[in-house]
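No lab work stands behind these numbers, since they all come straight from the coordinates. This one's a predicted model, so the numbers in the text were calculated from it and none came from an experiment. Quick reminder, even Gly has a Cβ in these numbers, built from the backbone with ideal geometry, and neighbours come from all protein chains shown.
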Amino acid sequence: MKIKLNRAILILSALMALGFFAAIHAQPNGAGHASDFTSVEYYDAPNEKQMKTRLAGAEAQPLAGGLLVIKQLKLEMFDTNGTLNVVVKAPDCVYDTLNGTASSSGHLQLASGDGKFRVEGDGFLWRRDAAFLTISNNVQTIIENAPMTEKKTTP
């Protein structure tokens, strides 16, 4: 399913083209950057009130061309019923607001919503439109099994 850019990203891009920095939620912190940056994307109808992704960071610093350097990235992906599917964390990344991508050569941690499946590695590219995450190097995966229940037999 192809996803259209949401209105907030278009507004953000337009403001950045004019030399201003804006986001759906950001606390100005002087010198052209913001703290508590958040960008939210919603599903198309009939689930338009449900968050699809929430990209957040402790700080966001604008660069030319609609790019943002985000510190302490946290990317959450949700199902149409509101269930948290995936949480991605990284110390920093570059978020391209015009193309809907985030990338970094740094470390990344990914966990399923229930925390039973985790992946980490170095270097990543996330493409919002394709809902696709590539982890490049030193990839490690941890899968937790549910505890085995003991079967009791009655004599």
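Once label points are set 7 Å from the Cα along Cα→Cβ at both Lys74 and Ser35, what is their separation, rounded to one decimal in nm?
1.5 nm
Listed highest first by mean packing, meaning other Cβ atoms within 10 Å per residue, what order do 103-112, 74-83 come in?
Order by mean packing, descending: 103-112, 74-83.
If each of Asp114 and Ile143 carries a label point 7 Å out from its Cα toward its Cβ, how far apart are those two points in nm?
1.3 nm
Length gain on complete extension for the stretch Arg127 to Ser105, per 0.36 nm per residue less the alpha carbon to alpha carbon distance?
Contour length minus Cα-Cα distance gives 6.4 nm.
Take each of the peptides 119-125, 91-97, average the number of other beta-carbon atoms within 10 Å over its residues, and list them starting from the highest.
91-97, 119-125
Under the definition of Cα pairs under 8 Å and six or more residues apart, what whole-number percent is the relative contact order of segment 76-116?
With pairs under 8 Å counted, the relative contact order is 39 percent.
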